[in-house]
Amino acid sequence: MKEIVDKALASTVKRRTFMKWGTAAGSAAVVAANTLPLKASASSAVETVSAEEIKSVWSACTVNCGSRCALRHQVKDGVIIHTETDNTGEDVYGDHQVRACLRGRSFRKRVYNPDRLKYPMKRVGKRGEGRFERISWDEAFDTIADNLKRIKKEYGNEAIYLNYCTGTLGGTVSKSWPPAATPIARLMNCWGGYLNHYGDYSTAQIAISLPYMFGGSWVGNNCTSDLVNTRLVVNFGNNPAETRMSGGGVIYHLAEARKRSNARMITFDPRMTDTTLGANDEWVPLRPGTDAALVAGMAWVMITENLVDNDFLSKYTVGYDENSLPDSAPKGSSWKSYILGNGKDGVEKTPQWAAKITSVPAETIIRLAREIAMTKPCNIMQGWGLQRTANGEQASRAICMLAVMTGNVGLPGGGTGAREGSYSMPFAAFPTLSNPVKTSIPMFLWTDAITRHDEMTDKTDGIRGAERLSQPIKFIWNYAGNCIINQHADTNRTHEILQDDSKCEMIVVIDNHMTASARYADILLPDLTAAEQPDFAPNGSCGNMGYTIFCDTAVEPLYECRSVYEMCTGIAKRLGVEQAYTEGRDQEAWLRHIYGESQKMNPELGDLDFDAFREMGIVKQKNPGEPHVEFRAFRENPEANPLATPSGKIEIYSERLADIASSWVLGESDIIRALPEYASSWEGHEADHAEQYPLQMFGFHFKARTHSTYGNVDVLRETNRQEVWINPVDAQKRNIKDGEMLKVWNDRGEIRVAAKVTERIMPGVVAMGQGSWYAPDRNGVDRGACMNTLTTQRPSPLAKGNPQHSNLVEIAKA
Ligand SMILES: Nc1nc2c(c(=O)[nH]1)N[C@H]1C(S)=C(S)[C@@H](COP(=O)(O)OP(=O)(O)OC[C@H]3O[C@@H](n4cnc5c(=O)[nH]c(N)nc54)[C@H](O)[C@@H]3O)O[C@H]1N2
Ligand SMILES: Nc1nc2c(c(=O)[nH]1)N[C@H]1C(S)=C(S)[C@@H](COP(=O)(O)OP(=O)(O)OC[C@H]3O[C@@H](n4cnc5c(=O)[nH]c(N)nc54)[C@H](O)[C@@H]3O)O[C@H]1N2
Ligand code: SF4
Ligand SMILES: [Mo]
C-alpha cells in the first residue's frame with residue numbers, strides 16, 4: 001500500500017499556472033445576491049492565477065448516477081473557482097483515472113447556486129405553495145422533536161416514514177440511501193424506529209422477479225470487464241454511455257473490454273442511444289414493453305431449429321419441457337409448450353407473431369436468434385428501463401431466458417441476462433443500528449400509505465413484516481430526495497394528497513436547494529454540500545477496479561447551513577438520545593472510527609493511515625481475482641453449489657410465483673405468471689385507451705442531470721435542452737417541426753416541451769429526459785416538462801413497483 005501512496009502522490013501533476021474560467025458577470029451576480037465572501041471577482045472571462053494561491057482539495061460527486069467520481073476542487077480565498085478530477089495512476093486500463101463527467105465538473109455551480117437554501121425555514125402558506133419564513137435552528141429542532149413526540153404518542157413509530165432519497169447515496173456518514181443506512185435511520189433507531197420501505201425506483205421489478213428464477217436476494221451478471229472473453233454482446237435497453245458516464249464507470253469498461261474481444265453488440269431499444277454508436281453495432285428498435293414477446297419469437301426459432309443447449313437445460317433448469325416440470329404444475333405449462341403453442345393459450349410464438357407485437361421484422365428476429373444461439377460465449381444483458389414498466393417483472397425474466405436457453409449462464413464471456421456486475425472495494429459503513437419496527441412497505445406505495453393504509457395488506461399491497469399496515473404515514477423525513485413530488489409518479493395526484501395536511505401531518509425536507517419537493521416541506525433544513533464537509537465516497541459501478549475517495553472540506557459551510565449529522569445530533573438531544581446517537585463523536589471522529597473498521601476488514605488499507613489517505617484522496621483496489629462471473633460455482637458443480645431456489649436449479653417455471661398468482665388479490669388485468677411469458681400491459685400499445693392516446697412515452701435517464709440533481713445548473717441546461725424525441729412520421733402527422741413547442745398530455749396531466757424530430761426513435765414512441773423540474777402554471781400545466789406529470793401511481797403487479805416508463809399520451813403543437 002505504501003507503494004501505491006507514493007506513486008499516487010508522485011503522479012499528482014504540480015501545475016505552475018491555472019486557467020480560471022470566470023463566467024464573470026453571471027457568477028458575480030449570483031454571489032452578490034447571496035452575499036458570498038468572494039474576494040476574487042474576475043472582470044475578464046479568463047484569468048491566469050498563479051498555482052501558489054490555489055488550494056486543491058479532494059472531494060467526490062456523491063449523486064445517484066451509478067458511477068462515482070473523484071473531484072479536486074480548486075479553492076482560492078475560500079471559494080471554489082474550478083473543479084478538476086482524478087489525476088492519479090498510470091491512466092492505463094486497470095490503473096485508470098476515475099474522471100468526472102460534465103455534471104461533476106460543474107459541482108461548484110451547485111454550491112454557489114441561486115436556489116441554495118440558506119437557513120432553516122417553516123412553511124407559512126398552504127403546503128406546496130412554496131411560501132416560507134426564516135426560523136432559528138433551535139426553533140426548527142424544537143418543532144421537529146415536538147411533532148415526533150406527539151405523533152409517536154398518537155400513532156406509534158410506524159407512522160414515521162423515511163422516504164426514498166438518493167441525492168447523496170454516495171456518501172458514508174451523509175449517505176441518503178438505502179433508508180436503513182442513513183444518519184436519519186440511526187436517529188430514529190435510537191428512539192423506537194420508523195416505517196421502512198423495500199425496493200427502489202431503479203430496480204423494483206427486476207430485483208423482485210429474477211430471484212424467483214435464480215434464487216437469492218439479488219441476481220447480477222458477469223462483470224463488464226469480463227466482456228474481454230465474449231464474442232457477442234446482446235443488450236436490451238442498457239445505455240451506459242449516458243447512465244454510467246464516468247471515466248471509471250461501466251461505459252469505459254465496456255469500451256475497453258470490447259476493444260480487446262472485438263465483440264459485436266446488438267442493442268434492442270426503442271431509441272438509438274449513445275451506447276449504440278460503435279462501428280459493428282446494430283440497433284434494433286422495438287416497441288416499449290414488448291421484450292418478452294421478442295424473446296418468445298427468438299425462442300421459437302431456437303427450439304424449432306434445434307439451436308438450444310439441451311445439455312445445459314436438462315442439467316441446470318426446471319420447467320423447460322414437460323419432463324422437468326415440478327409435480328404441482330399443470331400439464332402444458334412448460335416453457336417449450338408455451339413457445340410451441342401447446343400451452344394454455346394455444347398460440348405458437350412464431351417470429352411473425354412476435355413481429356406484430358414488437359414491430360421488429362420477422363426476418364430480423366430469425367437472423368438474430370440464429371446469431372445469438374450460435375455465437376458462444378455470448379453476454380446477454382439488460383438495463384433497467386424496460387423493467388420500470390407495468391409488466392417489467394415478466395420482461396426482465398424473459399430476457400434471462402435467452403441466456404438460459406443458450407447455456408451461457410456461469411461461463412466467462414457469457415452471462416445471466418441481468419444487469420452487469422462490478423467489483424466493490426471492501427470499506428466499512430456508518431453504523432445505523434437496527435430498526436425495532438419490522439413493517440415495511442413497497443417504496444412506491446408511500447402516497448397510498450398516507451391515504452388508505454387500512455386497506456393495505458401483504459396480499460393486496462405487498463406489505464412485509466406484518467399482515468397489514470396498522471398506521472397511516474403521519475411524518476415524513478425527506479433527506480436528499482426529490483420523490484416528494486418530482487421523482488414520484490403522477491405529480492397531480494401527489495399534490496392533492498400532500499396539500500391536505502390533516503393526512504400526513506409533517507414533512508421535513510433536508511436539501512441544498514429549493515427543489516420541487518422542498519416546496520412541500522413544513523420544515524425545510526439547509527444542508528451542506530459534499531464540498532463543505534468531510535466524508536468517504538466508496539465506488540459505484542466500476543468494472544473490475546474498485547476505489548474509495550476521501551472527500552475533504554473544500555470550503556467552509558455557506559450561510560447557516562449545517563451537516564445532516566449535526567442536525568440529527570441537535571434533534572437527538574431534544575429526544576433524549578444524544579449520547580446513544582453520537583457515542584461522543586463528531587463527524588470527523590466517526591470518519592476516523594469508520595476508517596479504522598475498514599482497515600480491519602481490508603488488509604490492503606493496513607499501513608495507509610487516515611491522514612495519508614486524506615492527502616492521497618483516492619485509493620484504488622483491483623479485484624484480486626478474475627472479473628466476476630455470476631453463478632460460476634453453480635455451473636461448475638450444481639450439486640455442491642445449488643442455487644438458492646427451492647429446487648436448487650434455475651426455475652423457468654416458478655412454483656412460488658404460481659402460488660402468489662393464485663393467493664394475491666390483483667387488480668384488473670394485473671398479471672403474475674409462473675413462466676416468463678409475454679403479457680400486454682394496461683398502459684401498453686394494446687391497452688383500451690391506446691386509440692385516444694396513441695403514443696407510447698417513456699423518460700430516459702439523461703446526461704443533462706442525475707435525475708433532478710444538477711437540473712438547475714445553467715450550463716448543463718443550455719447544452720442539453722429538455723425536449724421530447726419524436727419520429728418524423730409522427731411529427732408530420734401532427735404538422736410538428738423540430739424545435740417547436742409542444743403540449744403532451746393524457747388523463748393525468750399536461751406538460752409543455754420542445755420537439756426533437758429524429759429518426760433515432762421509432763414511430764409510435766416518444767421519449768424525453770426524466771428528472772426535469774416540475775413547474776406547474778396556474779392551470780396546472782407543467783412548464784417544467786417533468787415526466788411524472790404524465791405517469792401513473794398504479795403499481796406493477798408483483799413488485800408493487802413504479803411503472804414510470806409505461807405511459808400513453810397524445811401530442812400536439814402548443
Ligand atoms: N418518470 C420517471 N421518474 C423516475 C425515474 C424514471 O426513470 N422516470 N427514475 C426513478 C429512479 S431510478 C430514481 S433512483 C429516482 C431518483 O429520485 P431522487 O432520489 O429523488 O433523486 P434526485 O432527483 O436526484 O433528488 C435528489 C435530491 O437530493 C438533493 N441533494 C443532492 N446532494 C445533496 C446533499 O449533499 N445533501 C442534501 N441534503 N441533498 C442533496 C438534490 O438537490 C435533490 O433534490 O427517480 C425515479 N423517478
Ligand atoms: N446521466 C444520468 N445517469 C444516470 C441517472 C441519471 O438520472 N442521469 N440515473 C441513475 C439511476 S438511479 C439509475 S436507476 C440508472 C437507470 O438506468 P436505466 O434504467 O437502464 O436507464 P433508462 O434510461 O431508464 O433506460 C435505459 C434504456 O432503456 C430503454 N427502454 C425504455 N423502455 C424500453 C423497453 O420497453 N424495452 C427496451 N429494450 N428498452 C427500453 C430506453 O430507451 C433507455 O435507453 O441510471 C443511472 N445513471
Ligand atoms: S454525475 Fe456520475 S459520472 Fe458524472 S461526475 Fe458525478 S458521479 Fe461521475
Ligand atoms: Mo435509480
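With all projection directions averaged, the alpha carbon convex hull of segment 395-479 covers 9.6 nm². Shown here for segment 653-748: GluC sites (Glu not before Pro) in loop regions (DSSP other than H, G, I, E, B) with at most 16 other Cβ atoms within 10 Å, namely Glu668, Glu686, Glu691, Glu740. Of all beta bridges that DSSP places with both ends in the chain, some 55 percent have antiparallel geometry.
How much of the pair distance distribution for the chain lies past 46 Å, counting alpha-carbon pairs only, in percent? Here the long-distance tail beyond 46 Å is 22 percent of all Cα pairs in the chain. Counting heavy atoms of the protein chains alone, Ile208 has an accessible area of about 30 Å² for a 1.4 Å probe.
Taking θ as phi - 60° and the Karplus parameters 6.51, -1.76 and 1.60, the scalar couplings of segment 422-427 work out to 7, 8, 10, 6, x, 7 Hz in sequence order, x denoting glycine and proline. Taking the three principal axes of the alpha carbon atoms in segment 556-682, the coordinate ranges are 56, 43, 28 Å, sorted in descending order. Per residue, the convex hull around the alpha carbon atoms of segment 629-773 comes to 195 Å³.
Cross-linked pairs Lys152/Lys175; Lys376/Lys703; Lys55/Lys622; Lys122/Lys743; Lys149/Lys459: Cα-Cα separations exceed 28 Å for Lys376/Lys703; Lys55/Lys622; Lys122/Lys743; Lys149/Lys459. When the Cα convex hull of segment 169-226 is projected onto planes of every orientation, the mean area is 5.8 nm². Each part reduced to its alpha carbon centroid, segment 753-773 and segment 126-152 end up 40 Å apart. Once the C-beta distance of Glu810 and Asp738 is scaled by a Förster radius of 25 Å, the resulting FRET efficiency is 0.85 to the nearest 0.05. Residues whose amide H comes within less than 5 Å of that of Gly771, counting only those at least five positions distant or on another chain, are Met787, Asn788 (H built at 1.01 Å from N in the peptide plane). Spin-label pair Lys149-Glu133: with each label point 7 Å from Cα along the Cα-Cβ axis, the two points sit 2.2 nm from one another. For segment 551-611 versus segment 261-301, the inter-centroid distance based on Cα atoms is 46 Å. With an a/c value of 1.5 or above and a/b not larger than b/c for the gyration tensor axes a ≥ b ≥ c computed over the alpha-carbon atoms, segment 343-417 is described as oblate. Shape summary of segment 455-543, radius of gyration then Dmax from alpha carbon positions: 16.6, 48 Å. Once the Kirkwood radius over Cα pairs is known for segment 688-813, the Stokes-Einstein relation at 10 °C and 1.306 mPa s delivers a diffusion coefficient of 107 µm²/s. Among the GluC sites (Glu not before Pro) in segment 53-93, those located in a DSSP loop and surrounded by at most 16 other Cβ atoms within 10 Å of their own Cβ are Glu90. Here the label points at Asn280 and Lys376, each 7 Å from Cα along the C-beta direction, are separated by 2.0 nm in the simple model.
Built from the Cα atoms of segment 103-192, the convex hull projects on average onto 7.8 nm², one quarter of its surface area. Residue by residue, segment 203-211 carries 3J(HN,Hα) couplings of 9, 3, 6, 5, 5, 7, 7, 4, x Hz when phi is fed to the Karplus relation 6.51 cos²θ - 1.76 cosθ + 1.60 (θ = phi - 60°); x denotes Gly or Pro. Note on segment 134-258: Cα-only Rg and Dmax are 20.8, 63 Å. Taking all Cα-Cα distances within segment 547-628, those exceeding 15 Å account for 69%. Contact order for the chain, expressed relative to its length and based on alpha carbon pairs under 8 Å spaced 6+ residues apart, stands at 18 percent.
Amide H contacts under 5 Å for Tyr547: Met425, Asn539, Gln621, restricted to partners 5 or more places along the chain or on a different chain, H placed in the peptide plane at 1.01 Å from N. Across segment 736-744, coupling constants 3J(HN,Hα) worked out from phi with the 6.51/-1.76/1.60 Karplus curve, θ = phi - 60°, read 9, 10, 3, x, 5, 7, 10, 10, 10 Hz, and Gly and Pro carry x. For segment 468-492 and segment 176-235, what is the separation of their C-alpha centers, rounded to whole Å? Using only Cα atoms, the two centres lie 20 Å from each other. In this view, the solvent-accessible surface of Cys61, computed with a 1.4 Å probe and all protein chains in place, comes to about 10 Å². Under a 5 Å amide H cut-off, with hydrogens placed 1.01 Å from N, His197 pairs with Ile441 among residues at least 5 apart or on other chains.
The values are calculated or read from the model by the stated rules, or taken from the named source; none is laboratory data. Bear in mind that the values here come from a model prediction, so they are computed numbers and not experimental data. Note that we place each Cβ from the backbone using ideal geometry, even for glycine, and neighbour counts take in every protein chain shown. Note: accessible area is taken over every heavy atom of the protein model, side chains too, but ligands, DNA and RNA are not part of it. Shrake-Rupley method; radii C 1.70, N 1.55, O 1.52, S 1.80 Å.
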